Amino acid sequence: MDSSDPLKVSRRELLIAGAAASAATLPTAADAATQAPVPPRQRSVPASRVALEVNGTTHTLDLDNRTTLLDALREHLHLTGTKKGCDHGQCGACTVLVDGVRINSCLTLALMHHNGKVTTIEGLGTPARLHPLQAAFIKHDGYQCGYCTPGQICSAVGALDELGRGVPSHVSADLTAQPVFSAEELRERMSGNICRCGAYSNIVDAISEVAGVRT
Ligand code: FES
Ligand code: FES
């Protein structure tokens, strides 16, 4: 080392200086004992009061704004007929009718339907007085495990309503004409409802019977 140059520092001197600086900033055991624990940051959960008319009965719920309609029905109102399959909008098991239109209840927030009218499978019929589609699914054996069935039936109600109102589908030949009921139209309109048991042909038979069509 050239000690004549005041700006030149040996590697050893540099290491000693660094260690001393670090030690000066480290908390001591006494420091740690006197420091109060930092409380976790308080998170406020945004919540809203939501009114839903479900199967003819009005419910007022205080919900986390992030609550899906599916979870509001199943977890808050204990209407477990509506099923959670994928929770990602891919299987249709959660299909319900909102203001008469079928939707995937896992893909929408309950808050978005404040003052809306929701119909679930429990509201379509009762064991003593089945909805025609419920009766037809039983007659035609339109299910095996039954997990997809509530969504299939609610979706079929919506699909037949859309056909009746002249709403075209992806396979309608003429978008301006009243669509004609056919197995192809029905399969297209029901394509968002997956049946892992593969009861599709019987489901088509059941819905066709209610539509008054032979397949
Ligand atoms: Fe909603 Fe599958 S649970 S689409
Ligand atoms: Fe089992 Fe459709 S009846 S998934």
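Closer than 23 Å to residue 203 by Cα and crowded, with 19+ Cβ neighbours inside 10 Å - does that describe any residue in the range 108-119? Step through it out loud before you land on a result.
Of all residues in the range 108-119, those closer than 23 Å to residue 203 by Cα come to 119.
Of the ones still in play, those that are also crowded, with 19+ Cβ neighbours inside 10 Å are 119.
Yes, the range 108-119 contains a residue that is closer than 23 Å to residue 203 by Cα and crowded, with 19+ Cβ neighbours inside 10 Å.
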How do the pairs read when you match residues in the range 183-204 that are farther than 18 Å from residue 139 by Cβ with residues anywhere that are among the charged types (D, E, K, R) and more than 16 Å from ligand 1 (Cβ to nearest atom), using Cβ under 7 Å and keeping only pairs 6 or more apart or on different chains?
189/162
When every residue in the range 88-113 that is more than 16 Å from ligand 2 (Cβ to nearest atom) and part of a loop (DSSP other than H, G, I, E, B) is compared, the one nearest to residue 53 (Cα to Cα) is 99
Of all residues in the range 198-215 being surrounded by fewer than 15 Cβ atoms within 10 Å (Cβ to Cβ) and at pLDDT 95 or above, the one that is farthest from ligand 2 (Cβ to nearest atom):
201
If I ask for residues that are part of a loop (DSSP other than H, G, I, E, B), more than 16 Å from ligand 1 (Cβ to nearest atom) and either within 17 Å of residue 206 (Cα to Cα) or in contact with a His (Cβ under 9 Å, 6 or more places away or on another chain) (or both), which ones from the range 144-176 would you list?
144
Conditions (1) closer than 21 Å to residue 198 by Cα; (2) away from ligand 1 (no atom under 14 Å from the Cβ); (3) in a loop (DSSP other than H, G, I, E, B); number of the one not met by residue 85:
(2)
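The values are calculated or read from the model by the stated rules, or taken from the named source; none is laboratory data. Worth saying up front: this structure is predicted, and the values here are computed from it rather than measured. Cβ: placed from backbone, ideal geometry, glycine included. Neighbour counts: every protein chain shown.
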